[in-house]
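Colleague: Have a look at this one before I ask anything.
The values are calculated or read from the model by the stated rules, or taken from the named source; none is laboratory data. The model shown is predicted, which means the values in this text are computed figures rather than measured ones. Heads up, the Cβs are rebuilt from the backbone with ideal geometry, glycines too, and the neighbour counts pull from every protein chain shown.
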Amino acid sequence: MLHLAIPVRDEAPTIGVLLWRIRQVLREFSREFQVVVYDDGSRDATREVLAPYHEVMPLTVLGDATSRGYAHAVDALLRHVASVGRYARRDAMILMQGDLTDRPEDLPELVKRFEGGADCVGAATAPDAAAPTPVRRLSRVAPWVLRPFVSLPAGIDPFGTYRALRVSVVKDLVRQSGTAPIVRGDGWAANVDLLLATARLTRRIETVALARRWDLRPRETRVRPWPDALALFRYGRGTRGRGTAGAGAAAPR
C-alpha cells in the first residue's frame with residue numbers, strides 16, 4: 001500500500017490536477033494506494049476542489065479552518081499513516097507537495113527504490129537552474145547555515161519534501177515522540193528535522209534524480225530567502241548535535 005501524504009494550504013488551482021495525475025500514474029503503475037491530504041486552514045476553494053475526488057479515489061482529508069503551520073501538517077500526516085498502515089514493512093508513506101512542484105510521474109521510480117529495500121528514498125541534491133530566484137538563493141545559503149550544527153546524510157536533498165518512507169519507520173517515529181511534535185521548525189527546517197529523525201531509524205537511504213516543475217503552479221513561491229535562512233539558523237542552533245548516527249548511507253543511483 002502506498003500512502004500519499006500531501007500537506008496543502010490555498011492550493012485550489014493545483015490540488016485537483018495533482019490528484020487526477022496521481023490517479024492516472026498509479027492506474028498504469030498498478031499499486032494499491034490511499035491519498036491523505038492535510039488542509040492547513042486554506043482560505044480559498046481547496047476543500048471544494050477536493051470534495052468530488054472522494055467519489056473516484058481513496059481519499060482522506062484532515063485539518064480544519066485554523067492554519068497551524070507546515071510542521072504540524074506533516075506531524076498530523078505521519079500520525080495518520082502510522083495509525084492506518086497495516087503492513088508496516090511492506091507499506092510506504094510518500095510525502096509530496098500539493099502545488100505540482102513534485103511530479104506524480106516520478107512516483108514509480110521512488111516506489112521501485114523503496115521496493116528494492118530502501119527505508120527512505122528522496123531526491124538527490126543538485127543545483128536547480130529552473131527554480132525561482134528566492135529558492136535558488138536559499139538553496140545556496142541553507143547548507144552553510146546548518147553545517148556548524150548538524151550532520152546530514154550525503155546525497156539526499158535535506159530541504160525537499162518528496163520522499164518515500166517505510167511505514168515501520170513512520171510508526172517508530174510516532175512511538176518515540178509520544179505526544180511531543182515529531183518534527184520541529186517550519187518550511188525547510190521541518191523537512192531537515194524529519195530527515196534527521198528518519199535517518200536515525202533507517203538501515204538504508206537511497207536517492208534518485210528528480211526534476212521539479214516550478215513552471216506549473218500559478219502562485220509565487222512562499223520561500224523568503226533571508227527570513228527562512230534565519231529560521232534555519234535558529235533551528236540548527238537549537239538542534240546542535242542531532243546528527244545521523246546509526247543511519248544507513250544515502251546511495252545515489
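Colleague: Is there a residue being over 23 Å from PRO7 (Cβ atoms), in a helix (DSSP H, G or I) and among the charged types (D, E, K, R) anywhere in region 144-161?
Modeller: no
Colleague: Okay, moving on. Criterion first (in a strand (DSSP E or B) and in contact (Cβ under 8 Å) with a residue 60 or more places away in the chain) does LEU4 satisfy it?
Modeller: yes
Colleague: Here's another thing I want to ask about it. Go through the residues of region 212-220 one by one and say whether even a single one is touching a Pro at 6+ places or on another chain (Cβ under 7 Å), assigned to a helix (DSSP H, G or I) and within 21 Å of VAL135 (Cβ to Cβ).
Modeller: no
Colleague: A follow-up question, please. Anything in region 94-114 that is of a type in the set (Lys, Arg) and not in a loop (DSSP other than H, G, I, E, B)? List them, or say none.
Modeller: The initial filter retains those residues of region 94-114 that are of a type in the set (Lys, Arg), namely 103, 112-113.
Matches in region 94-114: LYS112, ARG113.
Colleague: Out of all the residues in region 180-192, is one or more free of Cβ contacts under 8 Å to residues at least 12 places away in the same chain, closer than 30 Å to SER83 by Cα and part of a loop (DSSP other than H, G, I, E, B)?
Modeller: Among the residues of region 180-192, at least one is free of Cβ contacts under 8 Å to residues at least 12 places away in the same chain, closer than 30 Å to SER83 by Cα and part of a loop (DSSP other than H, G, I, E, B), which makes the answer yes.
Colleague: I would also like to ask the following. Looking only at region 192-224, which residues are closer than 25 Å to PRO13 by Cα, of a type outside the set (Lys, Arg) and surrounded by 13 or more Cβ atoms within 10 Å (Cβ to Cβ)?
Modeller: The first filter runs over region 192-224 and keeps only residues closer than 25 Å to PRO13 by Cα, leaving 210-224.
Subset that is of a type outside the set (Lys, Arg): 210-211, 214-216, 218, 220-221, 223.
LEU210, TRP214, LEU216, THR221, VAL223, listed by residue number.
Colleague: Next question, about the same structure. Being within 17 Å of LEU195 (Cα to Cα), at pLDDT 90 or above and surrounded by 19 or more Cβ atoms within 10 Å (Cβ to Cβ) is the filter here, so list the residues in region 225-253 that pass it.
Modeller: Listed by number, the residues that qualify are LEU232, TYR235, GLY236.
Colleague: Restricting the search to region 41-71, which residues are aliphatic (A, V, I, L, M) and either closer than 15 Å to TRP20 by Cα or more than 21 Å from the chain's Cα centre (by Cα) (or both)?
Modeller: ALA45, VAL49, LEU50, ALA51, VAL56, MET57, LEU59, ALA65
Colleague: Moving on. Does ALA118 fit the bill of being of a type in the set (Gly, Ala, Ser), surrounded by fewer than 20 Cβ atoms within 10 Å (Cβ to Cβ) and either touching a residue at least 12 places away in the same chain (Cβ under 8 Å) or touching a strand residue (DSSP E or B) at 6+ places or on another chain (Cβ under 9 Å) (or both)?
Modeller: The answer is no for ALA118.
Colleague: I've got another one for you. Does ARG86 satisfy being surrounded by fewer than 15 Cβ atoms within 10 Å (Cβ to Cβ), more than 28 Å from ALA12 (Cβ to Cβ) and either of a type in the set (D, E, K, R) or at pLDDT 95 or above (or both)?
Modeller: Judged against the criteria, ARG86 is a match.
Colleague: I'm trying to understand the selection: among the residues of region 95-149, which are more than 18 Å from VAL170 (Cβ to Cβ), touching a helix residue (DSSP H, G or I) at 6+ places or on another chain (Cβ under 6 Å) and of a type outside the set (Asp, Glu)?
Modeller: If the condition is that a residue be more than 18 Å from VAL170 (Cβ to Cβ), touching a helix residue (DSSP H, G or I) at 6+ places or on another chain (Cβ under 6 Å) and of a type outside the set (Asp, Glu), then GLY98, LEU100, PRO104, PRO108, PRO134, ARG137, LEU138, VAL141, ALA142, VAL145, LEU146, PHE149 are the ones that fit.
Colleague: Next question, about the same structure. Note down all Cβ pairs under 7 Å where the first residue falls in region 53-74 and is farther than 20 Å from LEU165 by Cα, the second is basic (Lys, Arg) and part of a loop (DSSP other than H, G, I, E, B), and they're at least six residues apart or on different chains.
Modeller: Filtered contacts from region 53-74: SER67/ARG9.
Colleague: Go through region 11-53 and give me each residue that's in contact with a strand residue (DSSP E or B) (Cβ under 8 Å, 6 or more places away or on another chain) and either on the phi > 0 side of the Ramachandran plot or in a helix (DSSP H, G or I) (or both). Reasoning before the result, please.
Modeller: Filtering region 11-53 for residues in contact with a strand residue (DSSP E or B) (Cβ under 8 Å, 6 or more places away or on another chain) gives 15, 18-19, 22, 26, 31-40, 42, 46-47, 50, 53.
Matches in region 11-53: ILE15, LEU18, LEU19, ILE22, LEU26, THR46, ARG47, LEU50, TYR53.
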